[in-house]
Amino acid sequence: VQLQAFGGGSVQAGGSLRLSCSVSGDTLDNYVMSWFRQAPGKEREFVAVISWSGQATFYADSVRGRFTISRDDAKHLVSLQMDSLKPEDSAVYYCAAGNMQSVQIGQRDFAWWGQGTQVTVSS
């Protein structure tokens with residue numbers, strides 16, 4: 001399966017961005033999908049995950065209530081709506097796919113990764 005993230009950009013604090021991840025090479029509903037991010041000088045960290053059915057989601061404490069993950073299997077897309085952005089949200093955002101039965105949040109649980117898209121939030 002191949003993943004391609006897009007939709008990043010620059011925005012002022014308090015603004016919004018919507019990231020998307022297109023999935024090809026397999027049926028999307030076979031996978032648990034997630035977003036991770038990596039800021040300069042920091043380790044990559046979990047952001048959000050959505051189950052293969054779309055009925056279960058889980059978020060990092062730092063983004064809960066501001067970010068929303070969703071999936072459209074018919075369009076082969078997974079999205080991350082980011083509202084009330086803060087400068088500390090600036091990072092390269094990666095989408096990832098895992099072939100598992102339940103929602104997981106560890107990087108090692110996800111075997112397939114997209115190339116990343118840059119998000120920059122200015123104060």
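Below is a table of values for the structure above.
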quantity	calculated
In region 18-41, the residues that are in a strand (DSSP E or B) and open to solvent by less than 30 Å² (accessible area, probe 1.4 Å)	LEU19, SER20, CYS21, VAL23, VAL32, MET33, SER34, TRP35, PHE36, ARG37
Search result, residues across region 71-101 that are surrounded by fewer than 19 Cβ atoms within 10 Å (Cβ to Cβ) and under 10 Å from the mean Cα position of the chain (by Cα)	GLN81
Pairs, first more than 19 Å from MET82 (Cβ to Cβ) in region 92-118, second assigned to a helix (DSSP H, G or I), C-beta under 7 Å, six or more apart	GLY98/ASP109; ASN99/ASN30; MET100/ASP109
Filtered residues of region 87-113 (kept if modelled with pLDDT of 95 or more, closer than 29 Å to ALA13 by Cβ and either in contact with a strand residue (DSSP E or B) (Cβ under 6 Å, 6 or more places away or on another chain) or hydrophobic (A, V, I, L, M, F, W, C) (or both))	PRO87, ASP89, SER90, ALA91, VAL92, TYR93, TYR94, CYS95, ALA96, TRP113
Residue in region 42-58 that is of a type in the set (Lys, Arg), at pLDDT 95 or above and surrounded by fewer than 16 Cβ atoms within 10 Å (Cβ to Cβ) present	yes
Residue count for region 1-15, restricted to those that are more than 11 Å from ALA97 (Cβ to Cβ) and open to solvent by 60 Å² or more (accessible area, probe 1.4 Å)	4
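The values are calculated or read from the model by the stated rules, or taken from the named source; none is laboratory data. Note that the structure is predicted; figures quoted are calculated from it, not measured. Please note: Cβ atoms are built from the backbone with ideal geometry, for glycine as well, and neighbour counts cover all protein chains shown. Only protein heavy atoms, including side chains, enter the accessible area calculation; ligands, DNA and RNA are left aside. Shrake-Rupley method; radii C 1.70, N 1.55, O 1.52, S 1.80 Å.
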